[in-house]
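> Here's a structure for you.
Every number here is computed from the coordinates shown, using simple stated rules; none is lab data. Bear in mind that the values here come from a model prediction, so they are computed numbers and not experimental data. Every residue, glycine as well, gets a Cβ built from its backbone with ideal geometry; the counts of neighbours run over all protein chains shown.
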Amino acid sequence: MRNSRLLLRSGLTLAAAAALPTWLAGPSAAVTGISVSTTGTTVSVVTSACTQSGGSWGNASLLNSGQTAFAQGRQAALAGTTVSQSAAWSGVSPGTYTVVVVCSNGGTAGTQSVVVSSAPSVPAPPTTSNTNTNTNPNTTRTAAPARGVAGGLGGAARDYGPLTLGVGAALVGTGVIATGWYLRKRSKPHRL
């Protein structure tokens with residue numbers, strides 16, 4: 001009787017662990033269909049969500065923080081192939097912007113925020129000093145970036161698919177369940 005209850009409990013635990021990745025991966029289906037990047041004062045967007053209609057793939061709009069409608073931003077026509085469409089804006093001043101892509105069929109491919117920092121200056125050549133403890137003359141030291149990683153703004157983010165998120169969630173769930181089982185077994189007195 002005791003073994004059958006243990007098996008039933010184990011089966012329910014395994015069923016819950018198997019359902020966990022599906023539940024956690026659900027929101028990832030709403031991931032944006034665009035990828036935005038910056039290089040200096042140039043902002044570019046790439047998507048594969050649009051289809052060509054009437055000779056046009058669609059348009060992309062770069063909105064500053066004070067603009068809320070697609071028509072208010074700097075618009076650029078998407079160009080590309082059936083695999084990938086893109087648009088770019090150059091000479092963008094520093095600030096926070098929102099990129100919106102609308103396909104030619106009227107559907108929104110995605111919206112994403114981007115931070116444009118000031119144009120990078122040309123770095124000065126490395127200087128040598130008597131206090132340099134680097135004994136290898138072929139290596140140079142570089143200074144750390146002034147702003148660091150903009151992790152909260154997507155600077156270090158990567159879009160992982162639902163399969164990767166599901167596997168990760170399953171591993172975390174399995175670890176939590178195993179930890180709970182181990183602690184439960186440790187708390188009971190041993191019976192012989």
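> What distance in nm lies between label points placed 7 Å from Cα along the C-beta direction at residue 72 and residue 90?
Label-label distance for residue 72 and residue 90, simple model: 2.8 nm.
> Moving to a separate point now. Hey, rough spin-label estimate for residue 179 and residue 167, points 7 angstrom out along Cα→Cβ, what's it come to in nanometres?
With each label point 7 Å from Cα toward Cβ, the separation is 2.2 nm.
> Using a basic spin-label model with each label point 7 Å from the Cα along Cα→Cβ, how many nm lie between residue 79 and residue 118?
Here the answer is 3.2 nm between the modelled labels.
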